[in-house]
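Before any comments, here is the structure.
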Amino acid sequence: DVISTVEFNQTGDLLATGDKGGRVVIFQRETESKGESEEVGETGDSGEYNVYSTFQSHEPDFDYLKSLEIEEKINKIRWLPQQNAAHFLLSTNDKTIKLWKVSERDKRPEGYNLKDEEGRLKDISTITSLQVPVLKPTDLMVEVRPRRVFSNGHTYHVNSISVNSDGETYLSADDLRINMWHLGITDRSFSILPNNIVDIKPANMEDLTEVITAAEFHPHHCHLFVYSSSKGTLRLCDMRASALCDRHTKLFEEPEDPGSRSFFSEIISSVSDVKFSHSGRYLLTRDYLTAKVWDLNMDKGPVETYQVHEYLRSKLCSLYENDCIFDKFECVWNSSDSVIMTGAYNSFFRMFDRETGRGVTLEAWRESSKPRAVLRTRRVYNGGKRRRGDVGVDSLDFTKKILHMAWHPSENIIAIAATNNLYIFQDRVNPEAQVQ
């Protein structure tokens, strides 16, 4: 099935993917011995990611009141900070959010008094003595169990979930509302009626001018969150000011050039993803053609703008006809906030060094997934001098799109979802060689 979301946990030892079939696959990093690490010139543990557990998160459903089919597709996965030996993650489809517990078991109890070895109840009259049950080693088993089901909180499709830094609450966003939930409460969202902290639904739907496209909590301040809109705006909200955050604390918006306005302007300016930097100082957003970095202290416009695939500006008409113009690309930071990454077409993805402003185009394809293979840089030809290996704009394959990706929280390891393939690349020699 096509991969619909990718997410590392907070330590990077686990990687989860969700697909359109409602399935979650968890990969675990296998560490190598010290000798093997030294052979490839590394200073720390390294290793491949192998399948750790697979489970069905959501099933197809049907809303009989609205005669609406609810797909099982996993829209987002978010890991919770690890508190003990078990791991917890949130997964959501269009309507229902679930909390899962992932734990290991390598022992099993034996020697029950009231049960036999098959688990059947014994005849009490046959029990003549008592014994103490013992735990005996067994093959390692990974258990995944649902702990909470958060439902009936959204009328529209859920597009974002974000875990708060307090570790107790999280938010979920759909097109018109943002809910805040407590991880221990499932029957209602954690706010005043009508169970949301942001509501932009107008009294008359004909007056609707924008929708919410993404939302995320600040990484350090549990009272701050940001959400983006289809108009290209960002709104920073402070929950200390009001329980209902319809009034934002700051509005981030780039003034539009009237001379460049066209039929496609509003479509391509819609923000498809927003991410706080690890430091919490900056915001990274992605619209159709560009990636932008915003400073929380400067709301007049972005402080950095990176052209992801400007060569498509002349192709907007055909991209509108084949619906590609509505593709929602994600964007991510590296661990030091010095490099950003986002996707493109033809199995290409882009990295930009914030210090130099230079970018590189890389390709995720089967040949580069071989062990020790080096990612090759690519270039899209759009006039001028053509080099060997350049790909013409008219030759791009728009069915091969990199929409979802994740960056390891502390190392130069990236996970790229290319349709139904997951690629994991690692900078094994020089951490600064990511962007050239």
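Can you give me the ranges of the strands (runs of 3 or more DSSP E) entirely in the range 117-207 with at least 2 residues that are closer than 24 Å to Leu234 by Cα, modelled with pLDDT of 90 or more and not charged (D, E, K, R)? Quick ask: steps written out before the conclusion?
On the way: elements: 134-150, 160-163, 169-173, 177-182.
In the range 117-207, 160-163, 169-173, 177-182 are the strands (runs of 3 or more DSSP E) which contain 2 or more residues that are closer than 24 Å to Leu234 by Cα, modelled with pLDDT of 90 or more and not charged (D, E, K, R).
Determine which single condition Gly41 fails, assuming it passes every other condition in (1) modelled with pLDDT under 95; (2) open to solvent by less than 80 Å² (accessible area, probe 1.4 Å); (3) within 30 Å of Ile97 (Cβ to Cβ).
(3)
Inside the range 87-114, can you point out the residues that are open to solvent by less than 10 Å² (accessible area, probe 1.4 Å) and either in a loop (DSSP other than H, G, I, E, B) or within 30 Å of Gln131 (Cα to Cα) (or both)?
Within the range 87-114, Asn93 is the sole residue that qualifies.
What number of residues within the range 242-267 are in contact with a helix residue (DSSP H, G or I) (Cβ under 7 Å, 6 or more places away or on another chain) and not in a loop (DSSP other than H, G, I, E, B)?
So the count comes out to 1.
Restricting to the range 246-266, give me the number of residues that are surrounded by 13 or more Cβ atoms within 10 Å (Cβ to Cβ) and basic (Lys, Arg).
So the answer is 1.
Given the criteria at pLDDT below 90 and among the aromatic types (Phe, Trp, Tyr), does Tyr112 qualify?
Against the criterion (at pLDDT below 90 and among the aromatic types (Phe, Trp, Tyr)), Tyr112 qualifies.
Report, ordered by the first and then the second residue, all pairs with beta carbons closer than 7 Å, sequence separation of six or more or different chains, a first member in the range 46-70 that is closer than 21 Å to Leu90 by Cα, and a second member that is small (Gly, Ala, Ser) and in a strand (DSSP E or B).
Listed pairs, sorted by first residue: Ser57/Gly18; Ser57/Ser91.
Given the residues Tyr288, Tyr345, Tyr320, which is the only one that is surrounded by fewer than 16 Cβ atoms within 10 Å (Cβ to Cβ), touching a helix residue (DSSP H, G or I) at 6+ places or on another chain (Cβ under 9 Å) and on the phi < 0 side of the Ramachandran plot?
Tyr320
Report the residue count in the range 263-280 for those that are without any contact (Cβ under 8 Å) to a residue 40 or more places away in the chain and either touching a strand residue (DSSP E or B) at 6+ places or on another chain (Cβ under 8 Å) or not charged (D, E, K, R) (or both).
The total comes to 3.
Inspect all residues belonging to the range 128-149 and state whether any of them is in contact (Cβ under 8 Å) with a residue 60 or more places away in the chain, within 29 Å of Pro219 (Cβ to Cβ) and open to solvent by 80 Å² or more (accessible area, probe 1.4 Å).
Within the range 128-149, not a single residue is in contact (Cβ under 8 Å) with a residue 60 or more places away in the chain, within 29 Å of Pro219 (Cβ to Cβ) and open to solvent by 80 Å² or more (accessible area, probe 1.4 Å).
Quick one: which of Glu355, Glu310 is without any contact (Cβ under 8 Å) to a residue 40 or more places away in the chain and touching a Ser or Thr at 6+ places or on another chain (Cβ under 7 Å)?
Glu355
For the range 208-225, name all the residues that are part of a strand (DSSP E or B) and either within 15 Å of the chain's Cα centre (by Cα) or among the charged types (D, E, K, R) (or both).
From the range 208-225, those part of a strand (DSSP E or B) are 212-217, 224-225; that's our starting set.
Within the range 208-225, Thr213, Ala214, Ala215, Glu216, Phe217 meet the criteria.
Only one of Trp365, Trp333 is open to solvent by 50 Å² or more (accessible area, probe 1.4 Å) and among the aromatic types (Phe, Trp, Tyr); which?
Trp365
The values are calculated or read from the model by the stated rules, or taken from the named source; none is laboratory data. Computed from a predicted model, the values in this text were never measured in an experiment. Glycine also receives a Cβ, built like all others from the backbone with ideal geometry; neighbour counts cover every protein chain displayed. For the accessible areas, the whole protein counts, side chains as well, though only heavy atoms, and no ligand, DNA or RNA atoms are used. Shrake-Rupley method; radii C 1.70, N 1.55, O 1.52, S 1.80 Å.
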